[in-house]
Amino acid sequence: MAGNGKTVVRTLEDLTLDSGYGGAADSVRSSSVSLCCSDTHQSIVHGGNGWHLTESMHSRQNSLETVNTVLAEDTDILECSGQCAKLPELEDVPWSLGEVEGALRKDEELMVGDPPPEVLARLSALISSALVRVAREAQRLSLRYAKCTKHEIQSAIKVVLSWTISVNCITAALSALSLYNMSTGDKFSRGKSARCGMVFSVGKFFRWMVDSRVALRIHEHAAIYLTACMESLFREVFSRVLRSALVERDNGVPKFTLESLEQAINNDSEIWGLLQPYQHLICGKNSSGKLSANQGLFV
């Protein structure tokens with residue numbers, strides 16, 4: 001009897017998700033994680049379903065605002081004058097700090113020292129900006145056919161992330177999807193995340209994508225790709241911080257602080273702009289203000 005109870009718990013994730021597409025238009029709950037930055041944007045109703053898109057998603061030229069690499073010298077002045085728009089802040093993210101720690105522990109090299117909870121919380125807040133960037137680009141790419149598949153997520157990853165990081169994230173996504181497709185024999189005994197070999201919950205990401213109105217229809221493979229990408233991105237950023245010379249060590253064990261985390265990210269041009277809350281930043285500049293090379297964005 002206890003075994004049956006565990007099976008029910010494990011398959012709850014499968015029962016709550018559509019086996020193919022889920023409709024954002026079918027969600028009656030109001031979204032608190034909207035990808036819109038402002039309510040002043042003009043919105044269009046598609047198909048009478050009440051699904052709204054921001055004005056910045058309607059044209060190719062406007063959508064480039066999220067991947068513009070032209071940086072201002074003094075972003076504080078621009079922010080005060082209202083010229084430097086910020087990304088929307090997420091009230092809820094589709095992962096927990098416990099899941100973040102579990103994802104990092106999958107790589108033995110990253111667990112040389114135990115990062116304190118405040119460092120994990122700050123890392124989670126920073127990477128939530130990357131999640132918004134990828135989701136907004138996937139939303140734009142999903143407009144034509146009103147659906148989001150693994151192809152839209154993969155293209156969004158290539159556009160938003162640097163070449164090195166995008167290759168690692170896409171490799172992780174392909175591996176997770178391959179494990180998922182090969183585990184058809186035990187699909188009723190394990191949840192989607194376990195079948196993909198991931199710590200992050202595919203179900204949480206699926207529901208987040210629906211609530212965020214990424215597309216009218218969202219395929220489960222898109223949720224798997226996005227989940228694997230974010231889990232890989234956490235490990236990628238943390239590994240760069242761990243290898244940074246700015247992290248102090250005590251007998252080889254790194255001592256993590258919020259200051260060392262921020263300084264290590266500021267000196268890495270591939271991830272600095274990605275993790276900032278400003279819309280126009282993708283490539284970054286280091287803490288000295290030196291502009292990094294263009295990543296080369298091709299769509």
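The table for this structure:
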read-out: Close pairs (9 angstrom Cβ cut-off, 6 or more residues apart or separate chains): among the aromatic types (Phe, Trp, Tyr) in the range 229-241, at pLDDT below 90 and part of a helix (DSSP H, G or I) anywhere; value: Phe238/Leu110
read-out: Residue in the range 251-267 that is at pLDDT 75 or above, more than 22 Å from Pro117 (Cβ to Cβ) and touching a strand residue (DSSP E or B) at 6+ places or on another chain (Cβ under 7 Å) present; value: no
read-out: Qualifying residue in the range 149-160 (condition: hydroxyl-bearing (Ser, Thr, Tyr) and at pLDDT below 95); value: no
read-out: Qualifying positions in the range 115-141 - free of Cβ contacts under 8 Å to residues at least 60 places away in the same chain and in a loop (DSSP other than H, G, I, E, B); value: none
read-out: Residue match in the range 135-147 (condition: modelled with pLDDT of 90 or more, surrounded by 12 or more Cβ atoms within 10 Å (Cβ to Cβ) and polar (S, T, N, Q)); value: yes
read-out: Any hit, the range 182-203, residues being open to solvent by 60 Å² or more (accessible area, probe 1.4 Å), at pLDDT below 95, assigned to a helix (DSSP H, G or I) and farther than 21 Å from Gly22 by Cα; value: yes
read-out: Residue in the range 105-119 that is modelled with the highest pLDDT, counting only those that are touching a Ser or Thr at 6+ places or on another chain (Cβ under 9 Å) and open to solvent by less than 60 Å² (accessible area, probe 1.4 Å); value: Val119
read-out: Ala138 vs. criteria within 23 Å of Gln279 (Cβ to Cβ) and not charged (D, E, K, R); value: yes
read-out: The one condition in (1) charged (D, E, K, R); (2) without any contact (Cβ under 8 Å) to a residue 24 or more places away in the chain; (3) over 20 Å from Val210 (Cβ atoms) that Arg144 fails to fulfil; value: (3)
read-out: Condition met for Ser232 (modelled with pLDDT of 90 or more, in a helix (DSSP H, G or I) and polar (S, T, N, Q)); value: yes
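The values are calculated or read from the model by the stated rules, or taken from the named source; none is laboratory data. Please read all numbers here as calculations on a predicted model, not as lab measurements. We place every Cβ from the backbone using ideal geometry, glycine too, and count neighbours over all the protein chains shown. To get the accessible areas, we keep the full protein, side chains included, count just its heavy atoms, and leave off ligands, DNA and RNA. Shrake-Rupley method; radii C 1.70, N 1.55, O 1.52, S 1.80 Å.
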